[in-house]
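**Student:** Structure provided below as structure tokens; questions to follow.
The values are calculated or read from the model by the stated rules, or taken from the named source; none is laboratory data. Model, not experiment: these values are computed from the prediction. So basically every Cβ, Gly included, is an ideal-geometry build from the backbone, and we count neighbours across all protein chains shown. These accessible areas exclude ligands, DNA and RNA; they are computed on the full protein's heavy atoms, side chains included. Shrake-Rupley method; radii C 1.70, N 1.55, O 1.52, S 1.80 Å.
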Amino acid sequence: GLVIDGWTLNIIFQGGLEEKFLELTQHCCSVLCCGSTPLQKSMVVKLIRRQLKVMTLSIGDGANDVSMIQAADVGIGISGQEGMQAVMASDFAISRFKHLKKLLLVHGHWCYSRLAKMVIYFFYKNV
């Protein structure tokens, strides 16, 4: 994984070092941005999504994470003490971070299974 702070992100985006940053992130399973502004968070998600053409998932718990959640393909809001702004802007909402595993593995599998059955049924009805 890669942990990067806001000051370093500022240097990357202002110095035109996005390509080198992308080369580094391609070797990582996850990227964690800490101490960064909401604009920087959304810029990282948009950069990864646009250049690498991969699916992105963003997790946030406050109002400062709303732009990042909306920029990602899948946004997950954690309801907590910081308010409900992230939950209202997200695709999925969980009450605690520990529920993320169940959301991704169980409900993700069910969604994939239902979608596969629907596609098969669609082809059956159209043939």
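**Student:** Under a straight-distance cross-link criterion of Cα-Cα below 17 Å, which aspartates and glutamates are reachable from K117, leaving out those fewer than 8 residues away in the same chain?
**Tutor:** Excluding near neighbours in sequence, the set is empty.
**Student:** Quick check on packing: order 68-81, 13-26 by the mean number of other C-beta atoms within 10 Å, highest mean leading.
**Tutor:** 68-81, 13-26
**Student:** If you find the alpha carbon centre of region 107-125 and of region 3-47, how far apart are they in angstrom?
**Tutor:** 36
**Student:** As a test of the formula, what do you get for the chain when each DSSP H run with n ≥ 4 contributes -39,500 (n - 2.57) and the sum is divided by the residue count, at 222 nm and rounded to the nearest 500 deg cm²/dmol?
**Tutor:** For the chain, the value works out to -14500 deg cm²/dmol.
**Student:** Still on this model: K53: which lysines have alpha carbons under 18 Å from its alpha carbon, excluding same-chain residues fewer than 8 sequence positions away?
**Tutor:** In chain and number order, the partners are K20, K41.
**Student:** Please name whichever of L103, L17, G77 sits farthest to the positive end of the charge dipole of the chain, dipole taken about the Cα centre and charges placed at Cβ: Lys and Arg +1, Asp and Glu -1.
**Tutor:** Projecting each Cα onto the dipole axis, the largest value belongs to L103.
**Student:** Taking the dipole about the Cα centre of the chain, with the C-beta of Lys and Arg at +1 and of Asp and Glu at -1, give me whichever of M68, F123, W7 is farthest to the positive side.
**Tutor:** Selected residue: F123.
**Student:** Please report the net charge: other residues with Cβ closer than 13 Å to the Cβ of T56, K and R +1, D and E -1.
**Tutor:** Local charge sum for T56: +3.
**Student:** Here is a further query. For W110, what accessible area in Å² do you get when you roll a 1.4 Å probe over the heavy atoms of the protein chains, rounding to the nearest 10?
**Tutor:** Accessible area of W110: about 130 Å².
**Student:** Per 0.36 nm of contour for each residue apart, how much would the distance between L24 and R96 grow if the chain were fully extended, relative to their Cα-Cα spacing?
**Tutor:** 22.9 nm
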